[in-house]
Structures are given as C-alpha cells and as structure tokens.
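Data first, discussion second: the structure below is written as structure tokens.
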Amino acid sequence: MQALKAKVFISCGQRRDTEEIEVAPAIAKVLEDLGFDPYIAIEEQTLRGLRENIFSQLTTSEYFLFVDFPREKFACSSERRGSLFSHQELAIASYLDLPVIAFQQKGVKPLDGMLGILQANAIPFGDAKKLPGMVRQQANKAGWRADWKNALVIRRNPAEFDDARIVNQPGQPNARFFHLTVENLNPYKPAVNCTAYVEGIRDLQTNLPVTFRTAELKWAGYVLPSVATMPASSRELDAFFVLHDNPLIMHFSCFTDSGYFMRPICGPGQFRLDYLIVSENFPQARISVTATVGNTIADATLV
C-alpha cells in the first residue's frame, strides 16, 4: 500500500524579480522533508484554470499554508495591501474548514482582507528567507501530521467472501457474498451519509456495457442505504452475491422495490464492475474490479 501523504496547499506570492520566487519552492522542500505532499498555488487568470487547478487542489488538500506578501500601497498610508489571490484562496480554505497556518510580512496592513474577517492570527515575519524555518517550526507546533488523507478509499481483498443464508427470501437460500471495504483515511473526521452505487458494468467477453438502472447498494450488516464511517475506520459493502444452488447468476443487494433496477447478471462470464461511493463531506471514491461467475460456486470471484 502506498504511504499516505497529507497535502499542503501553499498559497504564497511569487512575484517575479523579487525574493518571493525563491521562497515558495524552499517552503515546499521543508514540507516534503516533513513527509507532506506540497502543492504551490499559481495565480490563475481564467475561470477554467481556477476550476481545474485551484479549486481541485484545495478540495483535495488536508492543510493550508498562507503567506501574505505586500503589494500596492494604500492611498495616504505607508501600509500595503496583501496578495489578492492568496486572500481569495484563504477564503475558500476557510469554507472547506482546512487547518490554516498564516504568515504575514511586515508592511502589510494587519487584519486586512480575509485575515481580518477570519481572525487567522497571522505570524509576522520580516526576512522572507527565514520563512522555511518558521514553517517547519509552526507545522510541528500545530501538530500537523503527514500520514493521513481527507479521503475515502475502496479496497478489495480477493480472498475474502462470506457464506450466509438470506433470511428475508423464501427458503432462506445459502449465498456467497463478496464485499468491498470502504476506508476513511481521516483520523479526525467521520464520513457521513456514505452511499454506494454501481457506476458501470462491462461484459469482458463481448466488451459491451451492461445496461442497468441506478439504485443504492446495501452495506454489509446494515438495513439503511447510507452509513457513517468513523475516523480511521472502515465499513464493508455488499458488492454482489451468488446463490450456492444457482452460481451462474450475479445478484446485487440494493434498495429498490422494482425488478427493473440492478437486474441480476447471467453468466458464465467475466464482468468489470465500477463502484462509486459518495459522501456528504468527503470527495467521491471509485474502484474498478473484475467479477467472475461460472457453473460452480468455486468459480465465483471478485478481484
């Protein structure tokens, strides 16, 4: 498993022909040495750039580092305003509830812009060359950890399945259930209203998609469509099941009162199944797996 690395969004001016252009990479190097995954924000001039770069990177970051360099002077004052782009990014980070460490260079008007609204308690600095060392000190002081992500991941153990009787069906038939494990990588925050869907099905023998209608899938051992996944914890999802006395047919446990939704798939064959997890407060998670059904229960696999 790849080691977890918390992403730090670095909002730091990089005005050419100034020392700013050297500060951001030096800060990123310090954060890399601490085990983080740093992202240096670049000023975007287009809506597409904001959407695809800034917004995307902010929503997938665990921490926000704000560095406010001086810009133009205010009229009738020796003080200067701060960086407009950095203050806009700070506003978005606040909306996303990201932990923030803020620095402000001397000469910038205190509590100007978003700093005054959010009361971010910016740490003043003079010599920008000392910032990397100050970042290291403050990240340690704030207890920032690099070994986590604000994310859900879906995992599959190919050897895992459960044999159980389906008590709400006539005759209580014996079935083999295959599960996916949905893990919350955030050690602090629960993922609420996690709901699971099949996003796509493809017959790997014909390379054709299998049509279906969307329905919420069932979580293992739970009778409602949405669950909470506690911090640094996991929940199991019923990916599909096959009956012991009819293993050719793949069934989905889902919440629907109509046979037109998530119909059983008849084998024998191999199928690519694309699963999606949505949550009220986490980014979406996806996984593609290969399911096999055949003439015997031993032929049924999920890898």
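The values are calculated or read from the model by the stated rules, or taken from the named source; none is laboratory data. These figures come from a predicted structure and were not determined experimentally. Quick reminder, even Gly has a Cβ in these numbers, built from the backbone with ideal geometry, and neighbours come from all protein chains shown.
Determine, yes or no, whether Val167 is of a type outside the set (Gly, Ala, Ser), part of a strand (DSSP E or B) and over 17 Å from Ile287 (Cβ atoms). It is false that Val167 is of a type outside the set (Gly, Ala, Ser), part of a strand (DSSP E or B) and over 17 Å from Ile287 (Cβ atoms).
Under 6 Å by Cβ, and 6 or more places apart or on different chains, what pairs join a residue from the range 277-290 that is modelled with pLDDT of 95 or more with one that is of a type in the set (Phe, Trp, Tyr)? So the pair list comes out as Ile287/Tyr275. Could we say that Phe103 is surrounded by 15 or more Cβ atoms within 10 Å (Cβ to Cβ), over 25 Å from Ser56 (Cβ atoms) and either modelled with pLDDT under 95 or β-branched (Val, Ile, Thr) (or both) here? Here the answer is no, as Phe103 does not meet what is asked. Among the strands (runs of 3 or more DSSP E) confined to the range 215-303, the ones with at least 1 residues that are within 23 Å of the chain's Cα centre (by Cα) and not aromatic (Phe, Trp, Tyr) are located at 226-229, 234-243, 269-278, 285-293. Residue pairs whose Cβ atoms lie under 7 Å apart, sitting 6 or more positions apart in sequence or on different chains, and linking a residue in the range 191-213 that is touching a residue at least 24 places away in the same chain (Cβ under 8 Å) and surrounded by 15 or more Cβ atoms within 10 Å (Cβ to Cβ) to a partner that is basic (Lys, Arg) and part of a loop (DSSP other than H, G, I, E, B), are Phe212/Arg263. Looking across the range 225-261, just one residue is in contact with a helix residue (DSSP H, G or I) (Cβ under 7 Å, 6 or more places away or on another chain) and surrounded by fewer than 17 Cβ atoms within 10 Å (Cβ to Cβ), and that is His244. Within the range 229-239, the residues that satisfy the criterion of being closer than 21 Å to Ala215 by Cβ and not basic (Lys, Arg) are Thr229, Glu236, Leu237, Asp238, Ala239.
Selection of the range 248-260 for residues being farther than 29 Å from Ala298 by Cβ, modelled with pLDDT of 85 or more and of a type in the set (Phe, Trp, Tyr) yields only Phe255.
All conditions in (1) in contact (Cβ under 8 Å) with a residue 12 or more places away in the chain; (2) under 18 Å from Gln169 (Cα atoms) hold for Gly259, with the sole exception of (1).
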